[in-house]
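The values are calculated or read from the model by the stated rules, or taken from the named source; none is laboratory data. Bear in mind the structure is a predicted one, so any value in this text is a computation, not a measurement. Cβ atoms come from the backbone with ideal geometry, glycine included; neighbour counts cover every protein chain shown.
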Amino acid sequence: MLKKYPTLRYILQRAGWYFLTFIVAVAINFLLPRLGNNNPVDIIMGKAGSGLSTEDARQKEEKYLQEFGLVKVSNGAIVRDAEGKPIKASKIEQFGNYLKMCSVGDLGTSFQKYPKKVIDVIKEALPWTIALQLPTILFGWIIGNILGALAAYRRGVFDKIFFPGALLLSSFPFFVFGMLLVYYFSVVIPWFPSMGGYANDLVPSFSFAFFQSVGYHYVLPFFSIFLILAGGQAIGMRSMGIYELGTDYIKYAKWLGLKENKVLAYLFRNAMLPQLTGLALSLGNMVGGALITEMIFSYPGLGMAILTAIQNNDYPMIQGCTLLITICVLIANFTVDIMIGFFDPRVKAGLQIGKGK
Amino acid sequence: MFVIGIALFFGTILIALVGPVIFTITMERVGPQYAPPGGRYFLGLNDLGQDYISLLIRGLQSSLYVGFLAGIIATTLGTLIGIYGGFKGGWVDDFLNMVTNLFIVIPSFVILILISSSFKEGRSLTLIGIIIGMTAWTWSARSVRAQSSALKSKDHIALAKMNGANTLKVLLVHILPYLFSYVFMVFILQVASGILSEAAISMIGLGPLDTVSLGTILNQAKNTGALGDGVWWAFIPASVIITVIVFALYLINTSMEGVFNPRLRK
Amino acid sequence: MKMKGLSQIKYLLVSALLLGLISCQAKKETETGEVGFPRSKTLYLAGSQWGDPNTFNPLAESWQAAWPVGDRFNLMYEPLITYNSLDGKFEPLLGTLISKGNDSIVVDINPEAKWSDGNPVTSADVKFVFELGRRFKGAATAYAVEFISGINVANVDVNGAKVERLSFMVNKKGRNNPLVILDLLQAIRIVPAHVFEKLLADNNNDFGAVQKLKIDANPVVSGPYNLENYSNEKIVIKRRDDYWGNKSLYAGKMPVPQFIIHPIFKSNDHFAIALQQGGLDASQTFIPRIWMKKKDKVNTWFESSPYFTSGALPLLLINTTKAPLNDKNFRRAMAAAINYADIKELAVSGYSPDMQPGLIMAVGLEGKYFNAEDAKAVGVSYNPENAKKILADAGYKSVFKSDGSLDYMTDKAGNRVPTLSITSPAGWSDWEAMVRLAVKGMRDAGIDIREGFVDAGLYWPALPSGNFDLIMHKPAASVTPSLPWSRFEAIMSSRNWAPVGGDNKMNENQGRYNQPGTKGYNPAVDSLLKLIPTLSDEGKLVQAYRELNKIFMQDQPALPLCYLPEQFYEYSSKNWENWPNEKAPYAPPLLPWVGASTKILWNLKLAK
Amino acid sequence: MAIFEVDHLSLHYLTRFGQKIHAVTDVSFTMEKGKILGIAGESGCGKSTLVNGLMGLFIPPLYPTSGDVRVAGESLMNRSPKDIRENVLSRKVSMIPQGAFNALNPTRKVKDIAADVMSAHMKGIDKSHIYDRLRERFDLFGMDTNKVLNSYPIQLTAGERQRSVIGISTLLNPQMVIADEPTSALDVTTQKVVIKLIFDLLEKGIFSTMIFITHELPLLRHVAHDIAIMYAGEFVEVGTTEQIVFDPRHPYTKALMGAMLSAEPGQRQRKPTAIEGAPPNLANAIQGCRFADRCPAARAECKVNKQEIRIVGERQVRCDYAQ
């Protein structure tokens, strides 16, 4: 009955699939950690248990088991078997609890940062990650694309120098690049701070000094990602651009004697559409992508949180972050699908003619 | 450009293969911690007094190994899924899309820790290669998919379908050959990204525990404070090697693009 | 999505440049430092807090509570007495040690001790803390109950002042161990009873609920500093100018730094860089090649190797229930195969004096219990030939490949010995190096063993469950009055012996050494472990330790690898001077936040 | 008076390796106002290259070797690309490309493309005025003007697209229009419509003179006054339609006719490449006749003697032995 509104139908259809993906992803997120045979409470007990008598250790352990919902509990008391050993909760029950908690925005309690809530950790860290990544990605993408398009359009000397340069840049692993930046601009010639999000003699506030300090600490991490990103984008844009250059409509535009900027604009806009996908995806991967950069610069972002969680097998934390990543990436992909649908008449028209996507 | 790329790439491979013949590879301790470059060990020693030449050659070997292992797995998976989805279209396509998205949204490092934690002897180089491959196929699937769905409408294929050739036959006989050059380029990129991912994974301390790789060399250098002490030989040579390999692969890829996509020539 | 080509680039480049400019300008600003916490009034210490600070609740699990509340830190909450790991003497804090005996330990409470809310620190507070152990299983002092049967309070008159005298009665029916009581007295910090009793009442006596409180808003403390603010990047504490101790213990002087900031670094290598660049004044982390940092005014206790005073003994704990590890000859061969000199130089950057066989350190306070003859006679030290010989005599055969590397080994019955593995957390760079070197030595000697690096998440559970062949372990890590006894206890005690498997866990002697009731059982070990704490006569004590150490060296239930400091201690004189060191040993080599080292804060001088 | 004059025009491409490819050699012709010249030849014979040359549009790697092109007596040679762009393209010489579908920017509405053309050549003309002119012009094409102008190329039928292209190309009343295979890739009926449209425009005097390039001789037969046959970058025969179609003299022309004249509608797609062999590689210099290798009437000396244009039966022929 949606035949009348092809675009709407398209959107709904996509949304449907993405929702399905989301559900499955959540389930996998939940199951994967539990495939490993090791019981996370042991990790805490390893630290908490040392020096305790066996009896005390056992009681403490049960306290945690109950807390993390790993044992059956009826009205506050642990359900026990004949030998008085607590009965472990089944995966299904655990999954049930998990979903219940997620639905109210509770991602559980971090093992390693116990008794801190995962959601709180994320709330504190996420702004930093976004602050570090969002501008970097946008700048890198825009500048990369513009340079790429120019290289494609101008060719000649500019391209001959620019292209290998960009290619080289893009083949740097960005963390290697980060290390080199730290080594040179922080150790050899101490121009910029090598770590942290802002000077330690400051407390986060809306003071000028604070934001300056943030900006100052921002430089190295920014360039460690920006340059490589821009390089990569430029390469992609360049070959897209060259491809478009060969197309008839560009030739025709030249035959018609359109202004150079106009032709460049044609080129840019059409070559850009595929690049949009790249943008959305890298925005979606922000969280996961920040990991190593944040490690190298001790940047107080979410990547750091994930990393410490990884090193301590802090499953609730890992799960929480993975869930976040999942959501971001899915949203990103979804937006791409929709955006392309709207920005690219080719697709849009395709819908109206009813070919589906 | 192609020539340079090939030259660089085979250069590195040569080092990996011939290196052990020229230099005596030893994981033994040969001198003091972080002895600076000079004399026989012209790339210096690491924190355990091991010779960096040996380490780098071993590292190069394992990085290439991981790269190719991951590349082959990822390309195969990606191509098959991509071609099939693009060719079939409809709900099959949507479903495969979903699977692809699933692999995109679950970060590979999560899978890596969780899987490796269930192996008693810990993470081996091969395991890492496999996991990278298993998680990296997604984008090649996407791009191959686009290509094959474009091909689908080509006359000769429509014809073959009409003549009632079964899907598999059409895929293998009529579509794959057309995509071959494309798939090969995808493979090259996958190898490059495989090498990069290994390094990244090693950097966050999830690297192989059974051997040295360029990634673990860098990680070790970082953990043992080489940056602070200005021990440049601990991380610059490894960085250079990684970059060169990837650069070489990119060069090859782009120049091939130029060949197979006439428009990029000129 | 419209693009006006060239013009756009200009804008973007300009804005990119702007970013750079702003930052350079920002640099100038922050260097003047007159924002936030002025450098001249602030001391930067690091290395204790790694993760985000969670809670500042002194009753929370000590490993949960953030610096400076957790562990044994005494800047906010103080113990009765402190232990000076340099001279082994007890120094007064909230109280003064009067006498220690096998029946009771006697401590006088300092009548001038006050809480930050003005109330005096009394026996009620002390009793509250220790009684918690009886009231709630979850309390840290639950452990103390086995050692302290009760606390008697008497009002006495010490040269004119009314003083509360506390007698901690040794629990004869329990562990009967006065040594550990001393540990407890210098470890357990006293909290204000009047505050926490109220909290308990408010939470209708649910201790778990009280443990969950953060207690991070101007808490009532007795210490010289109090919590100013904290974030995931740092913890800031501010000097309490009305601290009771200034008058009573420091002749009216105040601690020099007004603020102490503990930055939270996420990665090991940042400490070194921060110290070198003067962003950090002292750190307690492992920083390799400290000598390379002298030029940046970074120093430590000794001018030269071993640079640090020793206090801890990282070792390989052996699962003695598993063949061939249940054969002590095999274990002794292992001990003889490890190149301790290499470990010292490469793994710990030379921060260890030369190792001696046995579980007693030949240096420092324990030195007096160490006996060179025994070590020579009974102990094994690095000697590959000897290792091979021991193996051969015990009937083990090693088969080597053509390239000289080990292929496999067989036992006396001729069966192939399965490859052993050393469990150790991946990414702990100094431990990793130790393990690699140990493995190398053993393989050269013909022992088929491999590194088994695992994520911390697998390491911790493996230890108590005994699910390992060999495992890296650092028993009794901090220097307490009870060393080296506590180290022997942690490695050799069969008190809670439980077999490997099932849910069985052991929190000491995880190697399952000396199983009671078997023919191999050696009762001397446990009786010595029971006896030593009650010995006050030095002669007898030395004798007992000799016996115990001999048994250890004969049975080799673990393989000590090197001596390490209790805590690492590196300081920078860029901003603050007069740190204690070998030449000016006025405080033990610990950061000024624990034990007898807090006095450093009163002695620091601003560098000119 | 001659509106379009081409004197001994030679063009070459410069390859990456500095190699010269002589795509067009020694092309000369003149056209009176109102004339239609058809240029025929197998694909790859240099037609499209010639087109660029005729518009003075030399985008590297295409360069003029020698010769001259004059529109209304004004030379297009040695002028800055900007000058050519502003003053020649679309105003004096305009181009109707083949494959209209690809010729229109797929992400731009027809009216915007057209507007771009106008604003590119008329300084400070305001939008509303532009659209008025567009309507007025497109109304001539017998289509739903509003729909066409306001839709994206993909939303139009093949015919509508082709007409839009013609409309856009002739928007500024060029003195000279070059149509490069305007009807190829169109079904027969649409072809007719398009041809008709072109002639309407001619009658309405929107433009007067046209070069019509195609490989379909039968079409030319109905369209062109004169026909030039091109082979391997050279004009091998130039004459009136009657002369070329019914009385070809050059062996190649004959061969073409052989392939074409019997053409039934069904076979129309067949290309004249039915002639054995392939054209010579223009990268290396050829001194003899370029058709010699494939020529049925070839003689030994053909391979050596350069063939010059000579007059045979009132038309130009490039063959020493044609009569």
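Scanning the range D:244-258 for residues that are assigned to a loop (DSSP other than H, G, I, E, B) and within 22 Å of the chain's Cα centre (by Cα) yields D:Pro248, D:His250. Would you confirm, using the coordinates I've provided, whether A:Ser170 is away from chain C (no Cβ under 11 Å), among the hydroxyl-bearing types (Ser, Thr, Tyr) and over 26 Å from B:Gly230 (Cβ atoms)? It is true that A:Ser170 is away from chain C (no Cβ under 11 Å), among the hydroxyl-bearing types (Ser, Thr, Tyr) and over 26 Å from B:Gly230 (Cβ atoms).
Filtered by the rule that a residue be more than 15 Å from C:Phe568 (Cβ to Cβ) and out of contact with any Asp or Glu (no Cβ under 9 Å at 6 or more places or on another chain), the range C:271-293 gives C:Ile273, C:Gly279. If you filter the range B:223-238 down to residues that are crowded, with 22+ Cβ neighbours inside 10 Å and small (Gly, Ala, Ser), you find that the one that is farthest from the other protein chains (Cβ to nearest Cβ) is B:Ala234. From the list B:Gln190, B:Gln220, the lone residue that is at pLDDT below 90 and either within 18 Å of B:Thr75 (Cβ to Cβ) or within 13 Å of chain A (Cβ to nearest Cβ) (or both) is B:Gln220. Considering the range C:361-414, and only residues there that are surrounded by fewer than 14 Cβ atoms within 10 Å (Cβ to Cβ) and in contact (Cβ under 8 Å) with a residue 60 or more places away in the chain, the residue that is farthest from C:Tyr307 (Cα to Cα) turns out to be C:Asp393. Among the residues of the range A:138-168, just one is farther than 13 Å from A:Arg238 by Cα and buried (at least 21 other Cβ atoms within 10 Å of the Cβ), namely A:Gly140.
Of all the listed residues (A:Ile189, A:Ile161), the sole one being more than 24 Å from the chain's Cα centre (by Cα), among the β-branched types (Val, Ile, Thr) and within 30 Å of B:Leu227 (Cα to Cα) is A:Ile189. C:Val180 meets all of the listed conditions (1) under 29 Å from the mean Cα position of the chain (by Cα); (2) away from chain A (no Cβ under 14 Å); (3) assigned to a helix (DSSP H, G or I) but one, namely (2). When residues in the range C:129-155 are screened for being in a loop (DSSP other than H, G, I, E, B) and without any contact (Cβ under 8 Å) to a residue 60 or more places away in the chain, 2 of them pass. Here A:Asn261 passes the criteria (1) within 10 Å of chain C (Cβ to nearest Cβ); (2) over 30 Å from D:Lys92 (Cβ atoms) except the one numbered (2).
Might you let me know whether the range C:96-110 holds any residue that is among the basic types (Lys, Arg), in contact with a helix residue (DSSP H, G or I) (Cβ under 7 Å, 6 or more places away or on another chain) and within 14 Å of chain A (Cβ to nearest Cβ)? Looking for residues that are among the basic types (Lys, Arg), in contact with a helix residue (DSSP H, G or I) (Cβ under 7 Å, 6 or more places away or on another chain) and within 14 Å of chain A (Cβ to nearest Cβ), one finds none in the range C:96-110, hence no.
Is it the case that B:Thr254 is more than 8 Å from chain A (Cβ to nearest Cβ) and of a type in the set (S, T, N, Q)? For B:Thr254, the condition - more than 8 Å from chain A (Cβ to nearest Cβ) and of a type in the set (S, T, N, Q) - is not met. Checking C:Glu91, C:Glu61 one by one, the residue that is acidic (Asp, Glu), surrounded by fewer than 24 Cβ atoms within 10 Å (Cβ to Cβ) and in a loop (DSSP other than H, G, I, E, B) is C:Glu61 and no other. The residue of the range C:299-332 that is farthest from the chain's Cα centre (by Cα), among those that are among the small types (Gly, Ala, Ser) and crowded, with 18+ Cβ neighbours inside 10 Å, is C:Ser310. Within the range C:202-228, take every residue that is buried (at least 22 other Cβ atoms within 10 Å of the Cβ) and in a strand (DSSP E or B) and give me the one that is nearest to the other protein chains (Cβ to nearest Cβ). The qualifying residue nearest to the other protein chains (Cβ to nearest Cβ) is C:Leu227. For the residues A:Leu267, A:Leu281, A:Leu276, the requirement of being more than 12 Å from chain D (Cβ to nearest Cβ), in contact (Cβ under 8 Å) with a residue 60 or more places away in the chain and not aromatic (Phe, Trp, Tyr) singles out A:Leu276. Is it the case, given these coordinates, that C:Glu451 is surrounded by fewer than 19 Cβ atoms within 10 Å (Cβ to Cβ) and not basic (Lys, Arg)? Taking the combined requirement at face value, the residue does not satisfy it. Between C:Leu166, C:Leu199, C:Leu185, the distinction of being surrounded by fewer than 22 Cβ atoms within 10 Å (Cβ to Cβ), at negative phi and in contact with a Leu (Cβ under 9 Å, 6 or more places away or on another chain) belongs to C:Leu199 only. Among the candidates A:Gly178, A:Gly156, the residue that is modelled with pLDDT under 90, small (Gly, Ala, Ser) and under 20 Å from the mean Cα position of the chain (by Cα) is uniquely A:Gly178. Inspect all residues belonging to the range C:174-189 and state whether any of them is β-branched (Val, Ile, Thr), closer than 25 Å to C:Leu601 by Cβ and not assigned by TED's automatic domain parsing to the domain that holds C:Ala142. Checked against the condition, which is being β-branched (Val, Ile, Thr), closer than 25 Å to C:Leu601 by Cβ and not assigned by TED's automatic domain parsing to the domain that holds C:Ala142, the range C:174-189 yields no hits at all.
Conditions tested, residue by residue: (1) over 30 Å from A:Leu167 (Cβ atoms); (2) surrounded by fewer than 21 Cβ atoms within 10 Å (Cβ to Cβ); (3) basic (Lys, Arg).
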residue: B:Ile13; (1), (2), (3): no, yes, no
residue: B:Phe23; (1), (2), (3): yes, yes, no
residue: B:Met27; (1), (2), (3): yes, yes, no
residue: B:Pro36; (1), (2), (3): yes, yes, no
residue: B:Leu43; (1), (2), (3): no, yes, no
residue: B:Gly49; (1), (2), (3): yes, yes, no
residue: B:Ile57; (1), (2), (3): no, no, no
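Within the range A:232-258, being within 14 Å of chain D (Cβ to nearest Cβ), under 20 Å from A:Ile143 (Cβ atoms) and not aliphatic (A, V, I, L, M) holds for one residue alone: A:Glu244.
Against the criterion of being assigned to a loop (DSSP other than H, G, I, E, B), modelled with pLDDT under 75 and surrounded by fewer than 14 Cβ atoms within 10 Å (Cβ to Cβ), D:Gln269 qualifies. With a requirement of 3 or more residues that are more than 27 Å from C:Pro475 (Cβ to Cβ) and among the hydrophobic types (A, V, I, L, M, F, W, C), the helices (runs of 4 or more DSSP H) lying completely within the range C:229-340 that satisfy it span C:269-276.
Is it the case that C:Gly252 is within 28 Å of C:Trp602 (Cβ to Cβ) and surrounded by fewer than 16 Cβ atoms within 10 Å (Cβ to Cβ)? Yes. Among the residues of the range C:94-114, count how many are of a type in the set (Asp, Glu) and modelled with pLDDT under 95. Adding up the residues that qualify gives 2.
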